[in-house]
1. Taking the Cα centre of each part, how many Å lie between the stretch 348-411 and the stretch 429-474?
2. Taking θ as phi - 60°, what are the ³J(HN,Hα) couplings along the stretch 485-499 by the Karplus curve (6.51, -1.76, 1.60), each to the nearest whole Hz, with x for Gly and Pro?
3. Contour minus end-to-end for Glu421 and Ala319, with contour as 0.36 nm per residue of separation and end-to-end as the Cα-Cα distance?
4. Could you give the distance between the Cα centres of the stretch 77-114 and the stretch 138-159, to the whole Å?
5. Kindly provide the chymotrypsin sites (Phe, Trp or Tyr not before Pro) of the stretch 181-254 that DSSP labels as loop, not H, G, I, E or B, and whose Cβ sees at most 12 other Cβ atoms within 10 Å.
6. Could you pull out every one of the aspartates and glutamates with an alpha carbon less than 19 Å from that of Lys466, ignoring same-chain neighbours closer than 8 positions?
7. Under the √(5λ) rule applied to the eigenvalues of the Cα gyration tensor, what semi-axes describe the equivalent ellipsoid of the stretch 336-387? Give them in Å, descending.
8. Bins of 10 Å, beginning at zero and ending with the bin holding the largest distance: percent of Cα pairs per bin for the stretch 2-411, please.
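Bear in mind these aren't lab numbers, they're just calculated from the coordinates by the rules spelled out. All values derive from a computational prediction rather than experimental measurement. No Cβ is skipped: glycine too gets one built from the backbone with ideal geometry, and neighbour counts run over all protein chains shown.
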Amino acid sequence: MRIRYVLSIVLFAGLPLHGAPRPNIVLMMVDDLGYADFGCYGSEIETPNIDRLAANGLRFARFYNTAKCHSSRVSLLTGLYCNQAGSTSLNRGVTIAEVLGKAGYSTAMVGKWHLSKEPTDRGFGRYFGHLSGATNFFTGDKTFRLNGKPWNDFGKDFYTTEANITYAKRFIGEMLEEKPDQPFLLYIAHNAPHYPLHVLEEDYRKYEGRYDVGWDIIRKQRQKRQVDMGLVPAEWKPAPRPELVPAWADLTEEERAWDARRMTAFAGMVDRVDQVTGKLVAYLKEKGLYENTLIILCADNGACPFDRTRGKEFDPWDAKSYWCYDTGWSHVGNVPFRLHKQNQHEGGISSPMIAHWPAGLKTKSGSITRQPAHLIDFMATCIDVAGTEYPAEWPGIDLEPLQGRSLVPIFQGEEREPHEELYFQFGENRALRKGPWKIVSHRRGKWELYHIDEDGTEMHDLADQKPELVQNLAIRWQVGAKRDRLKPKSMMPVGDKPGPRLMKTGRPAKN
């Protein structure tokens, strides 16, 4: 604790930390991207710019989100659990932008908001993007805003992912011009690769034919890369293909062609996220900001299994299309883990997370840390590097105490004092991790128990062997739920049978 206190005093005084003043901060979140969807996390999707950040930075092997879009954004922005902060209203939380703005940072955001009010109401001095939870990537929607005012300048070449970085660069330039000696916070919340699977044709063509081999082969290849790069222990047994997903070989030729096409569209969307990340990095270098900018890149939840496709007859670069993929590919996105978005099994709550900060990271380039961390840690981390404090109170807010812990000790190559426990809940799905143990319930089914360090893919349920431990952890979950201000209905005890299956793929299993 003393080290962190001294760190904050040095930074707040504006004096160099290891030769660097307070850094600029770029927080980048992508949407509905699985643990294995970046190249540096095992994917065949080409993400050289993101991979380069990982190769020169630090990867987190066990980084957690909340398994859902809006709740992850709440936790990222406030350092609190979602309902504790007031959910989308944020009426019991203060945002990173508000705290850092008061500490002398310029602030800006681009992309998806998905919360109440607007970013410019919650501490962001500049904003471009959409307030909605998803949008048409080519024609946008009525919720687009530019600095608090409606915006609808959607030209024929408009594409949301590109527009985000165009405005990100513009805002950085404006902040530098307005206050050249002041650091900035930039929050980039990409809608990609969330459905609809809208992809630029050139990005689609790049991957055409690559997924004809199917999900069974692609998943095995990803898992092997993860083991080879030291990201996933070889002794972890990868989760099997879900029961309701047919073997690729059992699909008809028409079904294989359709599923290959929609994964091709998804891959092209991820590729474009990587391309614009490269443009942002190039701009930071051009402005002399690269060395002392802390870039943190993560995702809001695991890969999404929900197939809401319509407009299948249109190409995915046509704004009239609305493609999704389903469990067949989401279980590939989440390799090696079980289940998906909204679930509190590892496939729902595990994210890639990359930290890159040439002037500040003291870990070996390309390192992988296995220390668990969570989106709630971003507020504490930003406070730490900005040399300020979490406020004791805030006007108009019944402020809850900060839940996150700074990642700076990990950035410094040290063992961080871990969270005593991490709490998870969305809908009827719930979990709690305490040390190496995790209990998890799928749709309020019976508690499952896993030694999550030895069995990170949750293949060996130990609940029947350790009923006392399950009971104690279940009590701790209830404590977290009360702190999180859940309604009594959401805190009802779990059942005594496994939860129902996640969802159907729209096709009967053939094996």
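1. The stretch 348-411 and the stretch 429-474 have Cα centres spaced 26 Å from each other.
2. 6, 5, 6, x, 4, 7, 10, 4, x, 6, x, 10, 10, x, x
3. 32.3 nm
4. Each part reduced to its Cα centre gives a spacing of 23 Å.
5. none
6. Glu421, Glu448, Asp453, Glu454, Asp455, Glu458, Asp496
7. Sorted largest first and rounded, they come to 26, 15, 7 Å.
8. 5, 24, 34, 25, 10, 2, 0
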